[in-house]
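Trainee: Take this structure first; my questions come after.
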There are 2 protein chains.
Amino acid sequence: MVAHRTIMNETTYDKLLARLRRVYLLESVAGLLSWDEQVNLPPASAGQRADQSGLLADLRHREFTVPEMGEWLDGLEGEDASLTDDQRTVVRWTRRDYDRARKLPAKFVTDRAEHQSKTFHAWAAARKADDFASYMPWLEKTLAFAKEEAGLLGWGERAYDYHIDLHDPGMTADRVAGLFDALRGPLVELSESILGSSRQADLSVFRGFPNDRQREFIQSVLEKIGFDFTRGRLDVSLHPFCSGDAADTRMTTRFDPDNPLDALFSSIHETGHAIYGQQLPLEDRFNPLGQPVGMAVHESQSRLWENQICRSRPFWNHFEPLFRETFSEQLSAVSSEELYLAINAVHRNPIRVDADEVTYNLHILLRFELEKGLFDGSIAVADLPEAWKELSRDIIGLTPRNDAEGVLQDVHWSGGAFGYFPSYCLGNMMAAQLWYALRDDLPDLDDHIGAGQFAAIRDWLREKIHRHGRRFDTDELTRRATGGALGPEALLRYLKERYAPLYLG
Amino acid sequence: MVAHRTIMNETTYDKLLARLRRVYLLESVAGLLSWDEQVNLPPASAGQRADQSGLLADLRHREFTVPEMGEWLDGLEGEDASLTDDQRTVVRWTRRDYDRARKLPAKFVTDRAEHQSKTFHAWAAARKADDFASYMPWLEKTLAFAKEEAGLLGWGERAYDYHIDLHDPGMTADRVAGLFDALRGPLVELSESILGSSRQADLSVFRGFPNDRQREFIQSVLEKIGFDFTRGRLDVSLHPFCSGDAADTRMTTRFDPDNPLDALFSSIHETGHAIYGQQLPLEDRFNPLGQPVGMAVHESQSRLWENQICRSRPFWNHFEPLFRETFSEQLSAVSSEELYLAINAVHRNPIRVDADEVTYNLHILLRFELEKGLFDGSIAVADLPEAWKELSRDIIGLTPRNDAEGVLQDVHWSGGAFGYFPSYCLGNMMAAQLWYALRDDLPDLDDHIGAGQFAAIRDWLREKIHRHGRRFDTDELTRRATGGALGPEALLRYLKERYAPLYLG
């Protein structure tokens, strides 16, 4: 009887995997189209690309929502006891995605996609003109769509939780609030003391760094930290990103001769994402076992490389000679200490994407407060500009001069991406926790980094995080990797350890 | 009654167009994947790309061969009298493609695809090792597949005609034989007298032309002759090609510092293809009215720009100053006459793709004889190497030193592309005929070219060729554009007019 059931399940399970393979493969094609759109697309070809992407989304939806898929899932769920843990993981995630795909009416999806596409342009125009009023009705409708989506999927009473869960499965607004409340006071205190220090980084030394030599230096760094260029590329786009899967990973950066650290650290950041992608189990790339957990874990990977590892003393002990060799003229008057301070500069800045790693989290706390208010109804869209300014003064310590530098600065809400921002800060917390766990497991970590040896770090990350795919959620994964619950303490400890000697020593 | 029938047909016709839109859009996605494969793909990502392309081919086949498609075609063919000429054109071509897609069994298509993919690698290895014997069984099976395909589609008695028709609809082996027979004698005579001339081009002057400056110069030329970079790109790949459609045209070239004319003229050649593509009716790009006629017409476009227009005196009168400005050092000791002779160099060469425009056609005559023999059974695959050498001596005037320089030099047969080669020579004939018709219609053609003005040429080509899409076949299109039947006379006249003054004057 058991044997019979197992065979039945294996067959059904194999059918499920074969269908998922087509779905994920179609997604990889859609991803390539999107990469090409941002890297290569001729300007007048955008309409055709929208049509191509629309067709692929339609085909993907059809492939995924065939009635058999529901039958297979029902059958496998009915035979739960005979499934392996891995099979259960695949069924659970596929059920979630399947229900989301089936429960949203086609008209809702089409109407929203059309609205979203127009909203993006309304947002871009409003930011350029510093004109929130023109954007307000678009954002109101976007928020209404977001609430309706949660309702359609049965999360009507917990609409904000739904959107947080969408980006970081298992996370809730209450949980985030608790973590952020614990972070806020000590972080504001630390950043104020750094910003008030008499010692400050001088970024004016970075002038005239030729793009092709930046590219050369970055290539050396990425190869050493472990991006696999035999199954990935680094190209140029307006905004850096990482896309693709373990079989073909495409990341981008951008070059500014007067800001070489931007290209360098954005490339390292994307490489953190990419190494996660490249170390996910290749053979499972067409099912949930080979997918990333969510945005918080993804950000923990990019931030760990960008900040903890690659802004460290040992890292620069290793790479400073090559950096100086590549830019000997430009760096001739800059001392090692000045360079290292510039790499770890802290500045009060109204713009999140330009913020350093100390003040960055304050920007997230602000957005979380506003999103909570938007979803519980205590903040209306019309109130956002003023609420933004007040919170910015309270949390970040400055008032943006206008809405372009304030409520209009981020693209996320214009794309309907509510509940995404918290993941950035949760990722920073997790990165710091991983950093200390890594040091415990690899006591000579600094020697590795100082010798330009990163294989042991990558292996540790594969073992602790990457190989698990979606088997565990953010909390469980953090516990398993670090022995502790996700929390702000490690982040605060790390920031103090790194920045106090530089600014408060 | 008529009104009713028209409405019925319009409805059915619209359904047909809507379905074709999805099919062509999927093809455009497959085309982008193929472009990316040759331009960008990381080496270890090739397996994933094959999977993606296979899935798209499967989806395209499913979209195209739904049973309704057959019903719509039956219905529209039954109401033929009520269709417009354009509708009839769309139905006719769609019927051809639909029958071809339906009549080939899935297993045949899969088996052949698998064989073809392996054969390509067998060919590449054999060419590298100059080892025809290892490749022979692969080619034999490829030929068997080609004959079987023709049989499955009802062309069993005329298998070679089927393959010629596949690349150049309406053309037959007998027709090609008649045209080539008329060309051969005079062309051999002309090329022998040029090759025997005491005056010869010196290509050794082209050394050390930096790639980035080649790129700059080429960009200027292509912009002026009229490639629309707002809906197209030029990139780098191992073998130059042009892909995409009117909405997004991607062409490639390759750079060699010691052979700047290769990048220049291959870019111009691809631009000839691209201008055809970009001037096809954009609104019909998802149906046969917006498709190119076939390979012969396509080659006539690339060759007209590459040879007749861009190797002409007036063209170089206009561009020589910019060429010299871009490469002032490299060209300092080269006179205008030496430069112009180098641009129109004629050399005896065993390799087709390295041949000049005079001897190039001889290479095609050779391949046509062999393909005829392979399909009528008078030449076995095992006999190919010797047959190649004999024909090469007779037609081209040299015997290749080995098979790598002989029967193994071309990729076409390894991909199953029989019947493709004749199109190159037919295209050259048509290009010359278009050149004289263009001169008749635009008596000050040389002044246009000499002034760097190409809009009138593009307009003439749009009017005579491009706007018609697939409405007329190669013969009919040639008659309409030039007033004469497709033939070798104009090509011979043109070659004499261009080359006699240079070599025999």
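The values are calculated or read from the model by the stated rules, or taken from the named source; none is laboratory data. All values derive from a computational prediction rather than experimental measurement. We place every Cβ from the backbone using ideal geometry, glycine too, and count neighbours over all the protein chains shown.
Trainee: Six or more apart or on different chains, Cβ under 9 Å: which pairs go from a residue in segment A:221-235 that's within 13 Å of chain B (Cβ to nearest Cβ) and touching a residue at least 60 places away in the same chain (Cβ under 8 Å) to one that's among the hydrophobic types (A, V, I, L, M, F, W, C) and buried (at least 23 other Cβ atoms within 10 Å of the Cβ)? Could you list them?
Mentor: A:D235/A:W35; A:D235/A:M251
Trainee: Specify the residue that is farthest from A:H298 (Cα to Cα); the eligible residues are those in segment A:244-265 that are more than 13 Å from every other protein chain (Cβ to nearest Cβ) and not in a loop (DSSP other than H, G, I, E, B).
Mentor: A:P260
Trainee: What about A:S198, is it loosely packed, with under 15 Cβ neighbours inside 10 Å and not in a helix (DSSP H, G or I)?
Mentor: yes
Trainee: Is segment B:206-219 home to any residue that is surrounded by 14 or more Cβ atoms within 10 Å (Cβ to Cβ), in a helix (DSSP H, G or I) and over 27 Å from the mean Cα position of the chain (by Cα)?
Mentor: Yes, the conditions are met somewhere in segment B:206-219.
Trainee: What single numbered condition from (1) touching a residue at least 12 places away in the same chain (Cβ under 8 Å); (2) under 29 Å from B:E77 (Cβ atoms) fails to hold for B:T142?
Mentor: (2)
Trainee: Go through segment A:404-422 and report how many residues are buried (at least 24 other Cβ atoms within 10 Å of the Cβ) and assigned to a helix (DSSP H, G or I).
Mentor: Here the count works out to 3.
Trainee: When you look at A:D58, is it within 10 Å of another protein chain (Cβ to nearest Cβ), surrounded by fewer than 16 Cβ atoms within 10 Å (Cβ to Cβ) and either in contact with a His (Cβ under 8 Å, 6 or more places away or on another chain) or at pLDDT 90 or above (or both), yes or no?
Mentor: Yes, satisfied.
Trainee: For A:G294, state whether it is within 18 Å of the chain's Cα centre (by Cα), surrounded by fewer than 22 Cβ atoms within 10 Å (Cβ to Cβ) and closer than 28 Å to A:Q87 by Cβ.
Mentor: It is false that A:G294 is within 18 Å of the chain's Cα centre (by Cα), surrounded by fewer than 22 Cβ atoms within 10 Å (Cβ to Cβ) and closer than 28 Å to A:Q87 by Cβ.
Trainee: Return yes or no: is B:L32 assigned to a helix (DSSP H, G or I), within 13 Å of another protein chain (Cβ to nearest Cβ), within 27 Å of the chain's Cα centre (by Cα) and under 21 Å from A:V39 (Cα atoms)?
Mentor: Answer is yes for this residue.
Trainee: State which residue pairs qualify: first residue assigned by TED's automatic domain parsing to the domain that holds B:R96 and inside segment B:61-73, second residue crowded, with 16+ Cβ neighbours inside 10 Å and among the β-branched types (V, I, T) in any location, beta carbons under 6 Å apart, and separation of 6 or more residues or different chains.
Mentor: B:E63/B:V23; B:F64/B:V23; B:W72/B:T12
Trainee: Taking the options B:V293, B:V346, name whichever one is in contact with a Phe, Trp or Tyr (Cβ under 8 Å, 6 or more places away or on another chain) and either in a strand (DSSP E or B) or closer than 19 Å to B:W460 by Cα (or both).
Mentor: B:V293
Trainee: Taking the condition in contact with a helix residue (DSSP H, G or I) (Cβ under 7 Å, 6 or more places away or on another chain), among the hydrophobic types (A, V, I, L, M, F, W, C) and under 22 Å from B:L59 (Cβ atoms), does A:L59 pass?
Mentor: yes
Trainee: Scan segment B:195-208 and tell me whether some residue there is within 12 Å of chain A (Cβ to nearest Cβ) and over 30 Å from B:L504 (Cα atoms).
Mentor: Checked segment B:195-208: no residue is within 12 Å of chain A (Cβ to nearest Cβ) and over 30 Å from B:L504 (Cα atoms).
Trainee: Something else about it: Need pairs with beta-carbon distance below 8 Å; first residue closer than 30 Å to A:M430 by Cα and within segment A:306-332, second surrounded by fewer than 21 Cβ atoms within 10 Å (Cβ to Cβ) and among the basic types (K, R); sequence gap 6+ or separate chains.
Mentor: A:R311/A:R498; A:S312/A:R498
Trainee: Scanning for something closer than 23 Å to B:F241 by Cα and under 24 Å from the mean Cα position of the chain (by Cα), does segment B:327-343 turn up at least one residue?
Mentor: Yes; the residues of segment B:327-343 include at least one that is closer than 23 Å to B:F241 by Cα and under 24 Å from the mean Cα position of the chain (by Cα).
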